[in-house]
1. Per residue, how many Å² of accessible area does segment 48-102 show with a 1.4 Å probe?
2. Any chance you could check the Cα centroid distance between segment 95-164 and segment 12-38 for me, in angstrom?
3. Quick check on packing: order 37-46, 66-75 by the mean number of other C-beta atoms within 10 Å, highest mean leading.
4. Of all accessible surface on the chain at a 1.4 Å probe, what whole percent is carbon and sulfur?
5. In nm, to one decimal, how far is the modelled label at D46 from the one at E162, with both set 7 Å along Cα→Cβ?
6. For the modelled label position 7 Å from the Cα of R197 along Cα-to-Cβ, which residues of segment 103-142 have backbone nitrogen atoms closer than 18 Å?
7. Quick check: convex hull over the Cα atoms of the chain, volume per residue in Å³, rounded to an integer?
8. Residues of segment 49-67 with amide nitrogen under 20 Å from the 7 Å Cα-to-Cβ point of L150?
Amino acid sequence: MPTEPALCETFDVSRTTIREAVKVLEEKGLVRARQGSGTTVTEEDDWNLLDPMVLSATVRHDSELRVLDQLVDIRAALESQMAAQAALTATDADLREIEAVLERLSAQTRIPEMYVDTDVAYHDRIMLASGNRLARAIVRTVHAEARTSLRYVGDPRPDDCEASNAGHIRIFECLLARDPDGAAEAMTTHIQQAWRRRRPKPGTA
């Protein structure tokens, strides 16, 4: 990166401001500052993709959809594990609340703009029932940023919502049956198929 004086001149700010900015970039894994050798931009593999700002920018510039594909893989892996756990540990109250969200989904399949938000609530309620706070936090972080991308959410039609909801119903049936393997498989299939339906061709806006 340019020297502090050069950055101060370019952005017309003080050295203190530049140092604070560099410190923030370091925390995000984007640059590395070393005494005597200046500040260098790090390789992409060192970036902190769980930082909302970094993830958001990465998704925006993900022309080949590699990051979104990886995000879907992470969701499928973590949510399937949480679905399996929920099948074993969800209380009757948990199941009633999950069913209530599923009923809302079923009523909204003809209203995609409402359905997509309730879809998030359905998945989150299952994650909550699993008791895995860390995995839930990771999914919520990456999913929230992904949903700001139109390439991720797509433009769902009522028939897309109907197909998606069939997966939700299958997951709930496995939860009711206390079938962890079935719940995990149903969750993985649902997430991957939903992404395949809405995934745009690489390079499209």
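1. Result: 49 Å² of accessible area for each residue.
2. Spelled out, the Cα-based centre of one part sits 39 Å from the other.
3. 66-75, 37-46
4. C and S atoms contribute 52 percent here.
5. In this crude spin-label approximation the distance works out to 5.3 nm.
6. Residues 103-124 fall inside that zone.
7. 144 Å³
8. Label zone hits: 56-67.
The values are calculated or read from the model by the stated rules, or taken from the named source; none is laboratory data. Model, not experiment: these values are computed from the prediction. Using ideal geometry, Cβ is built from the backbone for each residue, glycine included, and neighbour counts are taken over all protein chains shown. To get the accessible areas, we keep the full protein, side chains included, count just its heavy atoms, and leave off ligands, DNA and RNA. Shrake-Rupley method; radii C 1.70, N 1.55, O 1.52, S 1.80 Å.
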